[in-house]
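The values are calculated or read from the model by the stated rules, or taken from the named source; none is laboratory data. Note that the structure is predicted; figures quoted are calculated from it, not measured. We place every Cβ from the backbone using ideal geometry, glycine too, and count neighbours over all the protein chains shown. Side chains are part of the model used for accessible areas, which takes the heavy atoms of the whole protein and leaves out ligands, DNA and RNA. Shrake-Rupley method; radii C 1.70, N 1.55, O 1.52, S 1.80 Å.
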Amino acid sequence: MKFIHTADWHLGKSLKNQSLIDDQNYILQEFLKLVDSEKPDAIIIAGDIYDRSIPPVDAVNLFDEVIFKIVEKKIPVLCISGNHDGAARLNFGSRIFERSNFFIETLPNENPKTVILNDEFGEVYFSLIPFFEPVEMQDKILAEKINANAANKFYIAQARKNIPANKRSVAVAHLFVTGGKVSESERKFVGAVENVSVENFSDYNYTALGHLHKPQTMKKTGYVVRYSGSLLKYSFDEAKYSKGVTIVNIDGNGETFFEYVNLIPRRDVQVVEGTVENLLKFERTENYIHANLTDKNHVLNAMEKLRNSAFPNILSIKFINLEQEIENATENLRENVSVLEQFEDFYEYSTGEKLAGDYRQTMEKILNDLKTGERL
């Protein structure tokens, strides 16, 4: 059996206040082309379909369009909710959708959802394990305090009861496996929700995970546990990662083979570095840009200058030397002294000179006026 593992679409997401819906539409059209060429037996979407629990209308319409085109090809879709999704809302119509081979599980159940698909070697069992808070298993596990590992171990054990012995099986889950590499764009879980042991999935031939945006394999000896990663780069610290989907094949003996396929976006996410003067000489690009500026002095309207030249889609800048200077300066400020004395320290650090008497008097007057609320 061949299936495509994808996750973390985050439809409706923005990057530095720049809407990415057009970029998401573009990459999903590329995804549909891959589906046409690969002709998989199924498609897995391992959570975080949307970027927030109440997604914008254009995000909902895009998801509707893509799913319609897939099920129209008679390809089953197996989908779960992630921590960004509104589980109750996403559950709407789930029983009706099954008639079109669109299987979606958004809430934990007494009897975890199992989907059975067939190939020339027989049945393959898919356990759909949506994201849930550990406390949702509290009344089922007799423990004073429950953590993510215990909750998921229990739920996976319940799911395994639906799978006969010696049958090929796949788990679909959205969670944090201990040791995974995170990036800025993932909403961090709080407290005990994190850290699920990879060994919990040892009875599955393949586990299709969502949540972490970096493609990574957590286990590949004996059984495979893998994050396919997000479809697009959703933060600038992901600039160095490739993005795409994982194509998985399971043979008649349950041996699993997978291949990562990179999808080329409409615009890449890129970090550039240099002085403003040097960056202005760069070849023009439509990529989304963050610029680390190495100028020793602040450059007025730097972002506008860069936008009007090489980087029309620049989204953020950082004067890295100046910020480091300020950080170093603040670390050297005296404690338990007046604001004026701290300003004297900062001035001396920045200029290498003592604050002159007339400048000191002017600054003292400004601070006094601010303290008394008088207009300057």
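Hey, does segment 6-20 have a residue that's in a helix (DSSP H, G or I) and out of contact with any Asp or Glu (no Cβ under 9 Å at 6 or more places or on another chain)? No, segment 6-20 has no match at all. Flag set for Asn118, criterion: part of a strand (DSSP E or B) and either open to solvent by 40 Å² or more (accessible area, probe 1.4 Å) or among the charged types (D, E, K, R) (or both).
Listed conditions (1) within 27 Å of Asn287 (Cβ to Cβ); (2) free of Cβ contacts under 8 Å to residues at least 60 places away in the same chain; (3) surrounded by 15 or more Cβ atoms within 10 Å (Cβ to Cβ) are all met by Tyr26, apart from (2). Here is a check on your reading of the model: is Ile67 under 22 Å from Arg267 (Cβ atoms), assigned to a helix (DSSP H, G or I) and open to solvent by less than 50 Å² (accessible area, probe 1.4 Å)? No. Criterion applied to Ile80, Ile75 was being modelled with pLDDT of 95 or more and either open to solvent by 70 Å² or more (accessible area, probe 1.4 Å) or in contact with a His (Cβ under 8 Å, 6 or more places away or on another chain) (or both), and the one residue passing it is Ile80.
One line per residue, one yes/no per condition, for (1) open to solvent by less than 30 Å² (accessible area, probe 1.4 Å); (2) modelled with pLDDT of 90 or more; (3) touching a Ser or Thr at 6+ places or on another chain (Cβ under 8 Å):
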| position | (1), (2), (3) |
| --- | --- |
| Ile314 | yes, yes, no |
| Asn321 | no, no, yes |
| Leu340 | yes, no, no |
| Gly373 | no, no, no |
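Out of curiosity, is Asp58 in contact with a strand residue (DSSP E or B) (Cβ under 9 Å, 6 or more places away or on another chain) and surrounded by fewer than 16 Cβ atoms within 10 Å (Cβ to Cβ)? Yes, satisfied. Note on segment 245-263: among residues that are under 24 Å from Pro164 (Cβ atoms) and free of Cβ contacts under 8 Å to residues at least 60 places away in the same chain, the one that is least open to solvent (accessible area, probe 1.4 Å) is Thr256.
Return the residue satisfying two criteria in turn: it lies in segment 178-202 and is at pLDDT 95 or above and out of contact with any helix residue (DSSP H, G or I) (no Cβ under 6 Å at 6 or more places or on another chain), and of such residues it is most open to solvent (accessible area, probe 1.4 Å). The residue in question is Glu199.
For segment 92-110, which residues satisfy the criterion of being assigned to a helix (DSSP H, G or I) and hydrophobic (A, V, I, L, M, F, W, C)? Ile96, Phe97 - these are the residues of segment 92-110 that are assigned to a helix (DSSP H, G or I) and hydrophobic (A, V, I, L, M, F, W, C). Of everything in segment 130-171 that is part of a strand (DSSP E or B) and either out of contact with any helix residue (DSSP H, G or I) (no Cβ under 6 Å at 6 or more places or on another chain) or modelled with pLDDT under 95 (or both), the residue that is surrounded by the fewest Cβ atoms within 10 Å (Cβ to Cβ) is Arg168. Scanning segment 76-128 for residues that are small (Gly, Ala, Ser) and farther than 26 Å from Phe154 by Cα yields Gly93, Ser100, Gly122. If you filter segment 1-23 down to residues that are open to solvent by 20 Å² or more (accessible area, probe 1.4 Å) and not polar (S, T, N, Q), you find that the one that is farthest from Leu315 (Cα to Cα) is Lys2.
Any residue at all in segment 291-305 that's within 30 Å of Lys33 (Cα to Cα), at pLDDT 95 or above, surrounded by 15 or more Cβ atoms within 10 Å (Cβ to Cβ) and touching a strand residue (DSSP E or B) at 6+ places or on another chain (Cβ under 7 Å)? No: segment 291-305 contains no residue that is within 30 Å of Lys33 (Cα to Cα), at pLDDT 95 or above, surrounded by 15 or more Cβ atoms within 10 Å (Cβ to Cβ) and touching a strand residue (DSSP E or B) at 6+ places or on another chain (Cβ under 7 Å). Taking (1) touching a Leu at 6+ places or on another chain (Cβ under 8 Å); (2) within 22 Å of Leu315 (Cβ to Cβ); (3) not in a helix (DSSP H, G or I) in turn, His84 satisfies each apart from (1).
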